[in-house]
1. Only one of these is open to solvent by 60 Å² or more (accessible area, probe 1.4 Å), under 26 Å from Thr141 (Cα atoms) and either among the hydrophobic types (A, V, I, L, M, F, W, C) or free of Cβ contacts under 8 Å to residues at least 60 places away in the same chain (or both): Thr76, Thr86. Name it.
2. Determine which single condition Ala164 fails, assuming it passes every other condition in (1) open to solvent by 50 Å² or more (accessible area, probe 1.4 Å); (2) of a type in the set (A, V, I, L, M, F, W, C); (3) over 20 Å from Val67 (Cβ atoms).
3. Only one of these is open to solvent by 50 Å² or more (accessible area, probe 1.4 Å), touching a helix residue (DSSP H, G or I) at 6+ places or on another chain (Cβ under 7 Å) and not charged (D, E, K, R): Gln51, Gln63. Name it.
4. Give the stretch 103-128 a look and list any residue that's in contact with a Phe, Trp or Tyr (Cβ under 8 Å, 6 or more places away or on another chain), open to solvent by less than 20 Å² (accessible area, probe 1.4 Å) and in a helix (DSSP H, G or I), or say none.
5. Count, please, the residues in the stretch 43-66 that happen to be in a helix (DSSP H, G or I) and over 17 Å from the mean Cα position of the chain (by Cα).
6. Determine which member of the set Ala96, Ala140 is under 17 Å from the mean Cα position of the chain (by Cα) and under 19 Å from Gln32 (Cα atoms).
7. Go through Glu169, Glu132 for me and flag whichever is open to solvent by 80 Å² or more (accessible area, probe 1.4 Å), part of a helix (DSSP H, G or I) and under 28 Å from Val69 (Cβ atoms).
8. Looking at the stretch 67-80, can you tell me whether even one residue there is under 13 Å from the mean Cα position of the chain (by Cα) and in a strand (DSSP E or B)?
Amino acid sequence: ILIRSSADTSELEEQINYLHQHDLISGLYNRQFFMDELKSSFTQAINGIHQSAIIYIAIDNFQSIRVRVGISGCDTLISDIATILTENAAEDDVIARFGAYSYTCLSRIKDRHLAEEMSVKIPKLVEEHISEIGNQSISATCSTSVVFIDENSPDNPNEIISRADKTCEEIQKLGGN
């Protein structure tokens, strides 16, 4: 049996596409979409079209925050930080929720100093923000790392992300923020 509908499914297809590319809690792009964009950016960098930078952002002491406010409270914090990142990013930046408590920002760059300045600015913005979670006011900190993508980058996008994650973990071990 073959059933055909003449109904307009474009809105449904649009919603499915959105859900396929975005994280539901933060509203940011998801990890899979980000990795696809990273691969594309990596190819362009190798071919000399443009350089990019990844800013990797991880919430410090996330487990202790989770114990304090619970999982649903953490969702509020994750969403608040996503808003901070979105409001302070360039228009063509690709911002994603990368892990349970980490984010990534992929930027095309002309000046490496701008990416470095942004990586210093983000922790200050996060620290200054107070999230209202239930009857609690939570202030969190985060750590950032920057990895530049150019013709000399490793030929594996996963290696680039691994470097950013490892550097961020080292910063957190030294106290974070």
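The values are calculated or read from the model by the stated rules, or taken from the named source; none is laboratory data. This is a predicted model, so every value here is computed, not measured. Reconstructed Cβ throughout: ideal geometry from the backbone, glycine too, with neighbour counts over all protein chains shown. The area values use the complete protein model at the heavy-atom level, side chains included, leaving out ligands, DNA and RNA. Shrake-Rupley method; radii C 1.70, N 1.55, O 1.52, S 1.80 Å.
1. Thr86
2. That leaves (1) as the condition not met.
3. Gln51
4. Result: Ala115, single match.
5. The initial filter retains those residues of the stretch 43-66 that are in a helix (DSSP H, G or I), namely 43-46, 62-66.
Going one step further and asking which of them are over 17 Å from the mean Cα position of the chain (by Cα), we end up with 43-46, 63-66.
The qualifying residues number 8.
6. On the way: Ala140 fails: under 19 Å from Gln32 (Cα atoms).
Unique residue meeting the criteria: Ala96.
7. It is Glu169.
8. There is no residue in the stretch 67-80 that is under 13 Å from the mean Cα position of the chain (by Cα) and in a strand (DSSP E or B).
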